[in-house]
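Written out below as structure tokens is the structure these notes cover.
The values are calculated or read from the model by the stated rules, or taken from the named source; none is laboratory data. These numbers were taken from a predicted model, which means no experiment stands behind them. Don't worry about glycine lacking a Cβ; one is built from the backbone with ideal geometry, like all the others, and counts go over all protein chains shown. Note: areas computed on protein heavy atoms with side chains; ligands, DNA, RNA excluded. Shrake-Rupley method; radii C 1.70, N 1.55, O 1.52, S 1.80 Å.
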Amino acid sequence: MSNQNTFDAVVIGAGFAGMYMLHRLRNAGFSTRVYEKGGGVGGAWYWSRYPGARCDSESIYYNYTFSEEIYQEWSWSSRYPEQAEILRYLNFVADKLDLRRDIQFDSEIAGAAYDEANNHWRIDLKDGTSVTAKYLITGMGCISVNATNIPQIKGLDSFEGAWYHTGAWPHDKVDFTGKRVGVIGTGSSGVQSIPVIAQEAEHLTVFQRTPQYSVPAGNHPYDPAFIQQAKENFSDLRRQMHESMGGIPVETNNRSALDDTTEERERIYESGWGKGGFYMLNAYNDLMINEEANETVSEFIRTKIRDTVQDSEVAEKLMPTYYFGTKRAIIDTHYYETFNRDNVTLVDVRRTPIQEVTAKGIRTTDGGEHELDILVFATGYDGMTGPLLKLDLRGKGNVSLREKWADGADVKTYLGIAMADFPNMFMITGPQSPSVLGNVPVAIEQHVEWISNCIQHLHDHGVETIEAQADAQAQWSSHCRELADHTLYSKADSWYTGANIEGKPRGFNIYLGGYGPYNQKITDIAAKGYEGFSLK
Ligand code: N01
């Protein structure tokens, strides 16, 4: 790696987003440097090595589709790819495209400031060094290791055992054999790790704040013939993924749940339950907008929980009450069954909150002390805005993003790609883009292709700066909010709304119009000479 310190573009993060961004810009002849906190490529998949970690998108869709060659050369082993396999895939891509020579690993960005006089960004690393670039592109994603949520529980420093966060897991295997383990959190990470840890640990105590709906993943090894078929249909598959609502071609039943008889609904839900994965969300067209419709699927899953969990008191503690799907939907392998094991205890921390961590474990408000050797924080992330706000980002006139967004209700972006006052800065899957409501690699490809085409356009037309117009940004942000207000999403206490983080202002910063329509919209905007942007 050269000692060069001026680039056409600097990209933050070498996950799915940063890797493809580097490939596109470098191929177009722009000098590009990626800075990555980790020691290798992979982003979230580099860090999230917790037991049971898998993706909840099906493997044949959870990959890049920009290169048919890559798609043809790689074969996934099972329906849902596990973390180690995804990391192998991303390393395979990095090798194939010779990406590492332009990625500086073990390098964390502290902040970046736009220098108006020189029309470039100064990017500051935590090691005290700085570089400059004409374009700054953030590729940290909506949840990132730089924004893990570790609740400030009194006494954590005094804990004599070991503790870990699922999103920053050690590289060496954590051995749970003969250990008393506590897991705080029952989101995707908790629901995936709990059944695996329970099999190994002497005893597992699960500290649950919000009971969750989870649907069986139905994971299984792939039949090679199925993979072959996907490869043969590559072009169609890519097109369908990019035109779909969530990056995966799924059929939506275009009926209201309330139009069917109870028996017909049960049949449809039973079939969705059997298919595994996210099929339940698409069982009807109004589950996410109509409370009564949603209640039918929510109650179906509650009945499944009652049927699975043998101890009725434990089953009642596991009973979710929010609207199914309004927190990120979860899929599992034997999650509810795990609570039938003799070595598993469920603590409802809404009824008996965690009071403190002691030297020996966790004390809850009922006076009970749960003795632990290992404590696992499956407590998620400060999502959506968190990864950006962990950086000290300063735009024109030294305006600070942290100050601009201090009142979370005032998060404003244009298309989730750019912001007024932050010229020549682009966000891959930024707040107010469709981002996490779907199969994220597809959202990443749409943004990376749009951003690199935009930079090429600026270069070809001798344009020095591009900046979102404040009124276009205001309109886009209120459009995003209006869409959200018509749905049940904004009602849930979730990381989508920021309600998972103490003191974080509430907001819903995901565009709900769907991947395909969104891609059409941003393509049209580019075709109209970057409508809503000022080009100078
Ligand atoms: O995090 P989460 P995650 N005291 O925020 C609880 C992706 N992902 O890491 O619901 C006690 O969902 C919190 O409780 P509550 C995916 O997009 C994907 O599991 O806020 N509990 C919740 O139960 C996912 O949505 C995959 O009341 C506390 C849990 O911790 C996203 O990452 C796998 C607490 C956090 O759940 C995040 O998932 C893993 C406190 N102070 C992750 N603070 C797959 O692809 C928080 N909690 C399968």
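What the table below lists for this structure:
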quantity	calculated
The chain: relative contact order as a whole-number percent, Cα under 8 Å and 6+ apart	20
Average accessible surface area per residue within the stretch 396-465, 1.4 Å rolling probe, Å²	29
Rounded percent of accessible protein surface that carbon and sulfur make up, the chain, 1.4 Å probe	46
For the stretch 444-516: span of alpha carbons on each principal axis (Å, largest first)	46, 25, 25
Cut-off of 10 Å, at most 15 other beta carbons, DSSP loop: longest stretch of the chain lacking such GluC sites (Glu not before Pro)	252-463
Extension reserve of the residue 453-residue 108 stretch, reckoned as 0.36 nm per residue once the Cα distance is removed	121.5 nm
In sequence order, calculated HN-Hα J values of the stretch 337-352 (Karplus, 6.51, -1.76, 1.60; Hz; x Gly/Pro)	4, 4, 6, 8, 6, 5, 9, 10, 10, 10, 10, 8, 7, 7, 6, 10
Extension gain, residue 172 back to residue 255 (0.36 nm per residue minus Cα-Cα distance, nm)	25.0 nm
271, 452, ranked by accessible area, largest first (probe 1.4 Å)	271, 452
Nearby aspartates and glutamates by direct alpha-carbon distance to residue 404 (threshold 14 angstrom, same-chain neighbours under 8 apart not counted)	392, 421
When each of 173/360; 179/304; 37/491; 134/412; 134/504; 179/504 is checked by Cα-Cα distance, pairs over 28 Å	179/304; 37/491; 134/504; 179/504
Contour minus Cα-Cα distance for residue 499 and residue 67 (0.36 nm per residue)	151.7 nm
